[in-house]
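Structure, as structure tokens:
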Amino acid sequence: MGLLRQVLVQTYIVRTDARGRQVIRKRDADDGVPPGQLRLASPYDRDARWAAKGDDLFWMGYKIHLTEACTTLADVDADAGTGVIPNLITDVRTTDATVPDVKATVPIQRKLAEHGVQPA
């Protein structure tokens, strides 16, 4: 109940209209909406947040950062096989949706170095 109450308080505001009635309406920036990293987006998952990429892509949830091997044909012995090289996922990191992509780079590279698979 507390989580649902917090979502409602962050999303809606009660105002008195010109006739003295209380009216519930959605908050906007002028009503003191909390910043994205603090604002709850779902009464079902207290850690999910809204995020956007550009002007057309919006979602609620998390970000996933995948790192894959980037071996080229020049890096492989031609006699070793067919020349088809699969890109293998070497790291997976999940962050809050509000975390900028650039903030995930250092922890990912640190983890790759610990496992001996850092980029060349």
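The values are calculated or read from the model by the stated rules, or taken from the named source; none is laboratory data. What you see is a predicted model; the values in this text were computed from it and never measured. Because the Cβ atoms are built from the backbone with ideal geometry, glycine has one as well, and the counts that use them run over all protein chains shown. To get the accessible areas, we keep the full protein, side chains included, count just its heavy atoms, and leave off ligands, DNA and RNA. Shrake-Rupley method; radii C 1.70, N 1.55, O 1.52, S 1.80 Å.
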- Whenever you get a sec, compute what percent of the accessible area on segment 1-59 sits on carbon and sulfur atoms (1.4 Å probe). 53
- Item | Range of Cα positions in segment 1-66 per principal axis (Å), largest first | 55, 31, 15
- Message: Give me a comma-separated list of calculated 3J(HN,Hα) values for segment 109-118, in order, Karplus coefficients 6.51, -1.76, 1.60 applied at θ = phi - 60°, integers in Hz, x for any Gly or Pro.
- Response: 5, 5, 5, 4, 5, 4, 9, x, 10, 5
- Item | Helix-only [θ]222 nm of the chain, DSSP H runs n ≥ 4, -39500 (n - 2.57) each, per residue, nearest 500 | -6000 deg cm²/dmol
- Computed lengthening from residue 5 to residue 102, 0.36 nm per intervening residue step minus Cα-Cα distance: 31.6 nm
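With viscosity set to 1.567 mPa s at 4 °C, what whole-number translational diffusion coefficient in µm²/s follows for the chain from Stokes-Einstein and a Kirkwood radius over Cα pairs? Kindly include the intermediate steps, with their values, before the conclusion.
On the way: Rh = 18.5 Å.
Rounded to a whole number, D works out at 70 µm²/s.
Can you tell me the dipole magnitude for the chain around its Cα centre, using point charges on the Cβ only (Lys, Arg +1; Asp, Glu -1), in Debye to the nearest 20?
Values: 16 positive and 16 negative charges, 243 e Å.
Value, rounded to 20: 1160 debye.
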